[in-house]
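Visitor: Sending over a structure as structure tokens; questions will come in a sec.
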Amino acid sequence: MKLSGIRIATFAAASIVLLASCSESTQVIQSDDQRDPSVARLWNEVLLDAIRNDFARPTVHARNIFHISAALYDAWAFFDANSGTFLLDKTVSNYSCPLDYVAYNRDLLSAQEEAMSFAAYRLILHRFLEAPGFAAVQDNADSLMESLGYDTSDTSKNTRSGSAAAIGNVIASCYIEFGLQDGSNEADNYANRFYIPVNPPVEPENTGNPNIIDLDRWQQIALTIFIDQAGNPITEIPEFLSPEWGQVVPFALSSNDLTIYERTGFDYWVYHDPGLPPLSDGPWSEEYKWGFSLVSIWSSHLDSTDGVMIDISPASLGNISTLPSELPDYRTFFNYLDGGDFSVGHALNPATGEPYAPQLVPRGDYTRVLAEFWADGPDSETPPGHWFVILNSVIDHPEFERRMEGMGAVLGPLEWDVKAYFSLGGAMHDAAIVAWGIKGWYDYLRPLSAIRAMAERGQSSDPLQGSYSVYGIPLEPGYIELVSAGDPLASVSDENVGKIKLYAWRGPTYINEPATDQAGVGWILAENWWPYQRPTFVTPPFAGYISGHSTYSRAAAEVLTRLTGDPYFPGGMSSFEIEANEFLVFEEGPSVDMTLQWATYRDAADQTSLSRLWGGIHPPADDIPGRRIGEQIGIDAFELARQYFTNR
């Protein structure tokens, strides 16, 4: 892949200036912020459910989450003398949202809640109008407005009347207008304008990958039946989702971190540019082969009957202090044959002072549960929304205290929630812009494409053996081998002799009834390799490099760590119960009950990243840059959010 037209951007992506306002001092009465759950939380739940009722579009929904969280924040901050608004009464990236208001006397808290509700209501209905489940979205939004005592027919924008509803309507209108010119192409349903794939689609239901032209570029996936991650049937071959998303107006991203590349008449905006991934030809070709072959080998860990038991408690997992910085270092960070990373675990739970109790489970159960738990499949709120679910669970913990950065006075539920959502929403939005900007420009292929394509070319380990190709897959005894005469895979006429075989998850053709069948692990022809995913989905419809899950998750972990002032979950651990033979969706399992456990927010994020390798979605080269970049995104987003909270 050739990179051309490199230049550093000088555009200030989200320059913000204060508008002159004809406002007078708003006179209000202070009341106690005690409603729990807060109005912000109630609208956040409506938003998350709206995402579950829409198409699975993580970029679009990261933006929806941020804009709706920011609208809630603006409606709250407008009535708070110590906080600054984001878009209301400001200019963001050349879009101005002026507000003409007069003083009026009313209860502060009720005004905030009313303005917030009208802003969220209008914006949610606008953004999800075309969702397959819009009827449910509207029912939820209408029901909440009714329960709060608000009249949805009040569309007034006359803010000089003293109406908090009017302020909310103005805020919603501003975010709607802002979103129609923010680079997302919302007006055309977020359609791609310039991107064209260079490779024909891969067809997983057929053998191999004979159509691939460029072993370094992304392929669409052609399936007889395609159902997106939200459970919606898709009748056409899915296009690359949001390859031009790097141009969307961000929250805290800086033009100092932006590089612009040009291809086929379009400028691809890349923040925090990680540089080229390892390519099939060139100085890092061995790392290319190592990374994709690792995904194949880890596919052999998806069998609960192989006798391998592992401790999945915080005593053994997590507490990674350093991420590798160079490609060759990935080999010592990831366990090539046995799976996992160099987690050292935690000696003690800091909240209790006691050691974490070990939890031994079959490795093949743990890996399959991880792949499905973090995959954000049907009825999911997508990865950015998943981290809002985690944030809400933190808030609900009985030992949690709403102290900003873990210090100072305990905040009321509304103030805490609106600030938390604004901070995390900004980070998730920026993570989408960065990750998909990189995906769009580098256009890197997925393991499904690479493993099948390399295997078709042969093996790259030994020029003296048969089926040798410098572009082939490396051999690994017991995991990646050549089919020999007499092998059960050779076929009656030995037509498969010399082909590559993999010891791996055998794929969906071995599953007739998901509730009772397991595909298991065994020797298969590499041309028939599948990721551990639903057969109607297989792989997300966008490039692999860099991992969106890794970027979102690490950014979220950094925000939650700073927001709460503690790297640990409340009580020193968070958990999720998994019931035997009830959790997995596309095959039976797990065979035992287990509890997913995380001591720290980073531990949860790191587990998310590993899940994508075991699920066959990413090689290490996609993962590590996502974690490293996500960390910086989270830090920057929270630091900028803090400035709004102190009206600076």
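The values are calculated or read from the model by the stated rules, or taken from the named source; none is laboratory data. Here the structure is a predicted model, which means the values were calculated and not measured. Using ideal geometry, Cβ is built from the backbone for each residue, glycine included, and neighbour counts are taken over all protein chains shown. Just the protein is used for accessible areas: all its heavy atoms, side chains included, with ligands, DNA and RNA removed. Shrake-Rupley method; radii C 1.70, N 1.55, O 1.52, S 1.80 Å.
Visitor: Just for the range 601-643: of the residues that are among the β-branched types (Val, Ile, Thr) and open to solvent by less than 10 Å² (accessible area, probe 1.4 Å), which one is nearest to Pro355 (Cα to Cα)?
Guide: Going through the qualifying residues, I end up with Thr608.
Visitor: Would you mind stating whether Gly589 is open to solvent by less than 40 Å² (accessible area, probe 1.4 Å), in a helix (DSSP H, G or I) and either at pLDDT 95 or above or in contact with an Asp or Glu (Cβ under 9 Å, 6 or more places away or on another chain) (or both)?
Guide: no
Visitor: Name the residue, out of Asp566, Asp622, that is under 23 Å from Glu326 (Cα atoms), among the charged types (D, E, K, R) and at pLDDT 95 or above.
Guide: Asp622 is the lone residue from the list that is under 23 Å from Glu326 (Cα atoms), among the charged types (D, E, K, R) and at pLDDT 95 or above.
For (1) out of contact with any strand residue (DSSP E or B) (no Cβ under 8 Å at 6 or more places or on another chain); (2) within 19 Å of Pro210 (Cβ to Cβ), each residue gets a yes or a no:
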site	(1), (2)
Glu495	yes, yes
Lys499	no, yes
Leu502	no, yes
Pro508	yes, no
Gly520	no, no
Trp523	no, no
Pro535	yes, no
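Visitor: Now for a separate question. If you take the residues of the range 250-280 that are more than 22 Å from Leu445 (Cβ to Cβ) and touching a Phe, Trp or Tyr at 6+ places or on another chain (Cβ under 6 Å), which of them is most open to solvent (accessible area, probe 1.4 Å)?
Guide: Among those residues, the one meeting the criterion is Asp257.
Visitor: Somewhere in the range 319-329, is a residue under 30 Å from Ser184 (Cα atoms), without any contact (Cβ under 8 Å) to a residue 40 or more places away in the chain and not aliphatic (A, V, I, L, M)?
Guide: no
Visitor: I've got another one for you. Give the residues of the range 233-249 that are of a type outside the set (A, V, I, L, M, F, W, C), open to solvent by 10 Å² or more (accessible area, probe 1.4 Å), in contact (Cβ under 8 Å) with a residue 24 or more places away in the chain and not in a helix (DSSP H, G or I), sorted by residue number.
Guide: Selection gives Pro238, Glu239, Glu244.
Visitor: Same structure again: Starting from the range 493-504, take each residue that is among the polar types (S, T, N, Q) and list its partners that are assigned to a loop (DSSP other than H, G, I, E, B) and open to solvent by 20 Å² or more (accessible area, probe 1.4 Å), counting only C-beta distances under 7 angstrom and pairs at least six apart or across chains.
Guide: Asn496/Leu489
Visitor: Could you please let me know if Arg331 is basic (Lys, Arg), farther than 25 Å from Phe583 by Cβ and surrounded by 14 or more Cβ atoms within 10 Å (Cβ to Cβ)?
Guide: Yes.
Visitor: Out of Val434, Val389, which single residue is modelled with pLDDT of 95 or more, assigned to a helix (DSSP H, G or I), open to solvent by 40 Å² or more (accessible area, probe 1.4 Å) and under 24 Å from Gly615 (Cβ atoms)?
Guide: Result of the check over Val434, Val389: Val389.
Yes/no matrix, rows are residues, columns are (1) modelled with pLDDT of 95 or more; (2) out of contact with any helix residue (DSSP H, G or I) (no Cβ under 9 Å at 6 or more places or on another chain); (3) open to solvent by 20 Å² or more (accessible area, probe 1.4 Å); (4) farther than 15 Å from Ala556 by Cα:
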position: Pro358; (1), (2), (3), (4): yes, yes, yes, yes
position: Thr367; (1), (2), (3), (4): yes, no, no, yes
position: Asp376; (1), (2), (3), (4): no, no, no, yes
position: Phe400; (1), (2), (3), (4): yes, no, yes, yes
position: Met407; (1), (2), (3), (4): yes, yes, yes, yes
